[in-house]
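Since the structure comes first, as structure tokens, the remarks are kept for the end.
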Amino acid sequence: MNLNKLFLVLFMGVLLLSACSRNRRPTSTDPGWESTTTGTIYNEEEDGFQVADYIETPQGPGLVFIEGGRTVLGSMEEDIALTRDNMERTVTVASFYMDETEVANIHWLEYLHYLKRDSVPEVYQAALPDTTVWSRQLSFNDPYVTYYLRYPGFRFFPVVGVSWLQATDFCLWRTAKVNENLAKLAQEEMGGGRRRRRNEPEETTVNALSIESGYVLPNYRLPTEAEWEYAAQAMIGTQYSEDENQNNRRLYPWDGHQLRNPHGKQMGLFMANFKRGRGDYAGIAGALNDGAMITDYVYNYPPNDFGLYNMAGNVNEWVQDLYRPLSYQDVEDLNPFRRDGFLDESENYDSNAGFHSLINDEVRVYKGGSWKDVAYWLSPGTRRFLTQDSATATIGFRCAMINTGSNR
């Protein structure tokens, strides 16, 4: 091949690549090398628009993906409390992530370790769970006051005695700690092969990584009530075809109206840790059924169809929402959430004059039922509330996180 032909082949190749480049649609992970709005070259100059490399959102430790969609929220149980505060209605919940299990004692002890090392004593003290929640005047629960949080045998039991405020603070710390670890990994990657830009310092500090870098995760947080209820229903397990028909509703996070496992080697065993009847927490010795007098190992009992453990029983769980009995009719039908008393002000409730009402702007919803609750509270649609600075031996929590960039 002579020189003219070689030049022609190369020229045609460049034109072909250029045409392909123009026809290729940019994506989040492959935005191209120039702006489709202004034609400006990305990353060309020090003060130009910088577009960081991005593969996908890093997987947050402990999280399970929950694919969003349409569902019917609300109580399917007979309203024995006559609250009528969660009537059935159709909503759509966007995809998100949620912890596979409840936050356990070992996770809280890790939190306390870093607070004690990195914070002032007042912050550490404020994060200590109230272990006296186990203490009862007419019950010998004294050993749990001393041992439940710190003894190694309880490491992977759900943390209790934490208020809504403490749980929210844990989410903030967890976000910072996870992103600190991700930033360190990013530093190693950026230091191993990436060409340093002009005037860029030798080492990029951990705090320098921004949301735009793609190396950090969105915030861990408490799930909204709608997210929690949607995740507990796990209706994805009733979707057997692509025609958007679901064969049945669910009273509990599993199929059927029974509380015992109807299948296989676990047939006859209870599907959750709850109070079976007056004075009956576990069954009889030699044939214990739900097997837990108090809380239990966070991976015990079958997971639901999203892969989440103990979305019924073991401990109740805090959610983000402020409690209002009329939230079901007030909130929007896409990602419903109540952050304050908008449309239902606290002044409407007589909470200061004689305590005729317990509802104010400091009460939060908790859901799911616990080791000390009867089966009624295991249904995802049931809801209760407690002041955000209160703690009990029956309430824990798990974290959630938004999904970014896609619905799947």
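Couple of notes before you dig in:
- With at most 12 neighbouring Cβ atoms within 10 Å, loop GluC sites (Glu not before Pro) (DSSP) excluded, longest segment of the chain: 89-201
- Using alpha-carbon coordinates, inclination of helix 164-191 to the longest axis of the chain, degrees: 30
- Between 0 and 90°, nearest 10: helix 105-118 axis offset from the chain longest Cα axis: 60
- Cα centroids of the range 331-408 and the range 293-318: 19 Å apart.
- The charge dipole of the chain, taken about its Cα centre with unit charges on the Cβ of Lys, Arg, Asp and Glu (plus for the first two, minus for the last two), comes to roughly 1140 debye.
- Simple Cβ-charge dipole of the range 316-363, Lys/Arg +1 and Asp/Glu -1, about Cα centre, in debye nearest 20: 100
- Amide H contacts of N141 (H built 1.01 Å from N, under 5 Å, at least 5 apart or other chain): R136
- Amide H to amide H, with H built 1.01 Å from N, F385 comes under 5 Å of Y366, counting only residues 5 or more places away or on other chains.
- With contacts taken as Cα pairs under 8 Å at a separation of at least 6 residues, the chain carries a relative contact order of 23 percent.
- Per-residue ³J(HN,Hα) for the range 47-52, Karplus 6.51 cos²θ - 1.76 cosθ + 1.60, θ = phi - 60°, Hz, x for Gly and Pro: 9, x, 6, 9, 10, 6
- Dipole of the chain [Lys/Arg +1, Asp/Glu -1 at C-beta], most positive-end residue of Y111, A282, S28: A282
- Partners of K265 within straight-line reach, counting lysines whose Cα lies under 25 Å from its Cα and excluding those fewer than 8 residues away in the same chain: K275.
- Range in the chain, longest, excluding exposed chymotrypsin sites (Phe, Trp or Tyr not before Pro) [loop by DSSP; at most 13 other beta-carbon atoms within 10 Å]: 141-239
- For A104, the amide hydrogen comes within under 5 Å of the amide hydrogens of V159, counting only partners 5 or more places away or on other chains and with H modelled in the peptide plane.
- Applying Stokes-Einstein at 25 °C and 0.890 mPa s to the Kirkwood radius of the range 34-190, computed over alpha-carbon pairs, gives a translational diffusion coefficient of 119 µm² s⁻¹.
Quick note: the coordinates plus some simple rules give every number you see, no bench work behind them. This one's a predicted model, so the numbers in the text were calculated from it and none came from an experiment. In this analysis, Cβ positions are derived from the backbone assuming ideal geometry, glycine residues included, and neighbour counts consider all displayed protein chains.
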